[in-house]
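Here is the structure we will look at.
The values are calculated or read from the model by the stated rules, or taken from the named source; none is laboratory data. None of the values given here were measured: they were computed from a predicted structure. Counting neighbours? That spans all protein chains shown, and the Cβs are built from the backbone with ideal geometry, glycine included.
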Amino acid sequence: MADNNKNPHYNFAFLDEGSKREIRRSILKAVAIPGYQVPFGSRELPIGRGWGTGGLQITLSIIGKADVLKVIDQGSDDSVNAVSIRKLAVATTGIETTAYTNEATVIQSRHRIPEEKLRNDQIMVLQVPNPEPLRYVTPKEAVSRKLHAEAEYSGIWLRLYEGIVKYGHTVTGADHPVSVSGRYVMNPSPIPRFDNPKLHNSDCLYLFGAGREKKIYAVPPHTDVVSLAYDDYPFSIENVKGRVCKLCGATGVFFDEIFDSDTNEHFFQCSDSGFCEKRRREVN
Amino acid sequence: MAYVAVTGGQKAIEESIKLLKYYRTDGDNDLEIEAIKDKMKLLVDRVISEAGLYAPTYAALALKQCEGSLEEAVFILRAYRSTLTRNHYSKTLNSVKMRIVRRISAAFKEIPGGQVLGPTYDYVHRLLDFGILDEGKKENKKWRSDYEKYQEGHEVYTFQKVSDILKDEGLLEEVEEDSSDAFDITLNKLPLPAPRSARLQTMTRADTGYVSGLAYSSLRGFGSVHPTVGELRTGWLEVEVPYVLEEGQDIYVGEILVTEVESFVSASRKTKKEHDEIKVGIGYGCVFGRNETKAISISILDRALRTQGDAPVNDEEFVLLHGDCLEMNGFLSHLKLPHYVTFQSRLDQLRKKKEGL
């Protein structure tokens, strides 16, 4: 058992050292080939497979004692799954955690990228349910791998086109596909389109982990990331105009839409709870 | 010191975990781990099989920990397995050396060595036995000691394979010897197409209900494999690992109870002559513990996956990627997680449509 001040029955960061090393090797390969899905021997973790085990395996493999971890789900540090993942990471590492983006060295997230600009000494780990942008084109892995190899993405373009023809505008919600470094088309994980531009030419390293599907991929700092769109139907983010956070007054951020059953009120608040809280603390 | 907000979510989770313990510890009678291991053998067998970890005592502990939920117990054991370092690969086990508990063939009335029925529910009537309601510890103990006396001196069985009869007669499909190392699905992502060793490993860890349902679909008509059970054997196999310091030396590390099935199907082969040749082909299945339906199902799917066709059971990706207990239950249950960001993104598109933007 390696040094672990919290739980004597388990190794530091839960996984055995050999597994962590193997996962780090897959991460290095992913960084070397931006947007390419690196298959890896995904390990089972004590949280649900499909609940963020890909992201968590990355986090547990890269984390050291000096790191400060932030875990969010849907933008919130307090969401049930974020709490559960953070608890496991702390129980098996004893590291410090934070809700503030600027204090974190590693940020694990499901469905959101924080509002604050990430720095080059921070790593953003995203949990991925469906890593394969071609899965809608073919259910078969053997086929989609070949299509990637040949950069044959017409099926994805066709899907965007069909949406426009049928509904008059693009219909993708979250997880809008992106082209990375002009080569691989990649699912950015189900982040809102609002967050897609944050992947482009960023200062931080983005790592994506799909535990159930056993894939790791990456967007290294300062990489071109272009959301797929036609020239005459340009890519657009969700409409946030005219919306104001009820709690901190922020505008131009991604919002949660809240219906208060007591007052029958309908309002908006920051999806990024750490960001919102920080603003409120600064005001006070 | 970094700041972490303790808010409603965390407290609610802690309360939920407390309530769970209240449910788990319900009732006045306690359930000992040993009792689960000894008296719920077939349940323990399913857990170790689907977890891919031969650890009956830990399986019993896992079952106690989760109110007997099969999927949860498998989950706990698999997660525990991730913390263990892989130090050795065992030597190849030869099932001819199996210390037999049960061994039958449906293909022949008489087989060399005879049919050994062993312990099975196949021949009992499934009548609810009200006698068990008030059976006594003492009475059972006496019955067991009498039975053990009566069994004393019985020989230990090991048998040749039933398929050897066909092999000797030249009726068995010829297969090329494959002595390549087995692919390890626990350390690598399943490659597609998958080598047979990876397929068999994937299926032996798969959910019993899933493989049984798929095999049943093949029997009913979605697929063409309808085999004869050439041999089904359950028994103990000795596990040895190579001794690193001296080549050729092996170390005995223990024994495992497994169920192994060889199914016979007809296998045709193109020849240079006018007609194709027909021989007996084998479908193979092997699982931890006593789980005969699963072993038979795997043997059917093993064969179906090597058969061309349009049935679900002929599709490797369909069969191999949807039966893992953790993966299926994990992804299905993740639907209970909040999805309000993605749903908000979807709503945005719907509103756009409504507003005619």
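Quick test for you: out of B:Ala304, B:Ala311, pick the one residue that is more than 10 Å from chain A (Cβ to nearest Cβ) and closer than 29 Å to B:Val101 by Cα. Walk me through how you get there before you give the answer.
Details: B:Ala311 fails: closer than 29 Å to B:Val101 by Cα.
After ruling out the rest, the residue left standing is B:Ala304.
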Looking at A:Ile95 and the list (1) within 12 Å of chain B (Cβ to nearest Cβ); (2) under 21 Å from B:Thr83 (Cβ atoms); (3) crowded, with 22+ Cβ neighbours inside 10 Å, which single condition is not satisfied? (3)
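Sort through B:Ile17, B:Ile13 and tell me the only one that's loosely packed, with under 12 Cβ neighbours inside 10 Å, aliphatic (A, V, I, L, M) and farther than 29 Å from B:Val239 by Cβ.
Numbers: B:Ile13 fails: loosely packed, with under 12 Cβ neighbours inside 10 Å.
The unique qualifying residue is B:Ile17.
Can you pull out every residue in the stretch B:52-81 that is of a type in the set (Gly, Ala, Ser) and touching a helix residue (DSSP H, G or I) at 6+ places or on another chain (Cβ under 6 Å)? Talk me through it step by step, then tell me what you get.
From the stretch B:52-81, those of a type in the set (Gly, Ala, Ser) are B:52, B:55, B:59-60, B:62, B:68-69, B:73, B:79; that's our starting set.
Within the stretch B:52-81, B:Gly52, B:Ala59, B:Ala60, B:Ala62, B:Ala73 qualify.
What number of residues in the stretch A:122-156 are in a helix (DSSP H, G or I), more than 23 Å from the chain's Cα centre (by Cα) and among the hydrophobic types (A, V, I, L, M, F, W, C)?
Of the residues in the stretch A:122-156, the ones in a helix (DSSP H, G or I) are A:141-149, A:154-156.
Applying the additional criterion that residues be more than 23 Å from the chain's Cα centre (by Cα) yields A:142-143, A:146-147, A:149, A:154-155.
Add one more test, that the residue is among the hydrophobic types (A, V, I, L, M, F, W, C), and what stays is A:142-143, A:147, A:149.
Qualifying residue count for the region: 4.
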Since A:His148 meets every condition but one in (1) without any contact (Cβ under 8 Å) to a residue 12 or more places away in the chain; (2) over 29 Å from B:Tyr340 (Cβ atoms), which condition does it not meet? (1)
Answer yes or no as to whether A:Gly18 is within 20 Å of A:Lys214 (Cα to Cα), free of Cβ contacts under 8 Å to residues at least 24 places away in the same chain, part of a loop (DSSP other than H, G, I, E, B) and at the interface with chain B (Cβ under 9 Å from one of its Cβ atoms). no
All but one of (1) under 29 Å from the mean Cα position of the chain (by Cα); (2) not in a helix (DSSP H, G or I) hold for B:Phe331; which doesn't? (2)
Determine the pairs where a residue that is within 10 Å of chain B (Cβ to nearest Cβ), located within the stretch A:268-281, has a partner that is among the small types (Gly, Ala, Ser) and surrounded by 23 or more Cβ atoms within 10 Å (Cβ to Cβ) with Cβ atoms under 7 Å apart, the partner being 6 or more residues away or on another chain. A:Ser271/A:Gly75; A:Ser273/A:Gly75; A:Ser273/A:Ser76; A:Gly274/A:Ala99; A:Glu277/A:Ala99
If we only count strands (runs of 3 or more DSSP E) wholly inside the stretch A:217-284, which ones have 1 or more residues that are in contact with a Ser or Thr (Cβ under 7 Å, 6 or more places away or on another chain) and crowded, with 20+ Cβ neighbours inside 10 Å? A:255-260
Within the stretch B:36-47, is even one residue under 26 Å from A:Gly50 (Cα atoms), touching a residue at least 40 places away in the same chain (Cβ under 8 Å), out of contact with any strand residue (DSSP E or B) (no Cβ under 8 Å at 6 or more places or on another chain) and surrounded by 15 or more Cβ atoms within 10 Å (Cβ to Cβ)? yes
Can you tell me which condition A:Arg49 does not meet? The list is (1) at pLDDT 95 or above; (2) within 27 Å of A:Glu132 (Cα to Cα); (3) surrounded by 21 or more Cβ atoms within 10 Å (Cβ to Cβ), and all the others hold. (1)
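Of all residues being in a strand (DSSP E or B) and of a type in the set (A, V, I, L, M, F, W, C) in the stretch B:95-149, which is farthest from B:Glu260 (Cα to Cα)? Just the residue, please. Before the answer, list the steps.
Going through the stretch B:95-149, the residues in a strand (DSSP E or B) turn out to be B:99-104, B:116.
This time we only want the ones that are of a type in the set (A, V, I, L, M, F, W, C), so: B:100-101, B:104, B:116.
Values: B:Ile100: 11, B:Val101: 12, B:Ile104: 11, B:Val116: 14 Å.
The qualifying residue farthest from B:Glu260 (Cα to Cα) is B:Val116.
Could you list all residues from the stretch A:101-131 that are surrounded by fewer than 20 Cβ atoms within 10 Å (Cβ to Cβ) and of a type outside the set (Asp, Glu)? Step through it out loud before you land on a result.
In the first step, residues of the stretch A:101-131 are kept if they are surrounded by fewer than 20 Cβ atoms within 10 Å (Cβ to Cβ); the result is A:102-103, A:105, A:116-117, A:119-121, A:130.
Within the stretch A:101-131, A:Asn102, A:Thr105, A:Lys117, A:Arg119, A:Asn120, A:Asn130 qualify.
Anything in the stretch A:166-186 that is surrounded by fewer than 18 Cβ atoms within 10 Å (Cβ to Cβ) and within 14 Å of another protein chain (Cβ to nearest Cβ)? List them, or say none.
Filtering the stretch A:166-186 for residues surrounded by fewer than 18 Cβ atoms within 10 Å (Cβ to Cβ) gives A:166-169, A:171, A:181-183.
A:Lys166, A:Tyr167, A:Gly168, A:His169, A:Val171, listed by residue number.
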State all residues of the stretch A:183-204 that are aliphatic (A, V, I, L, M) and farther than 30 Å from A:Glu257 by Cα; if no residue qualifies, say none. A:Val185
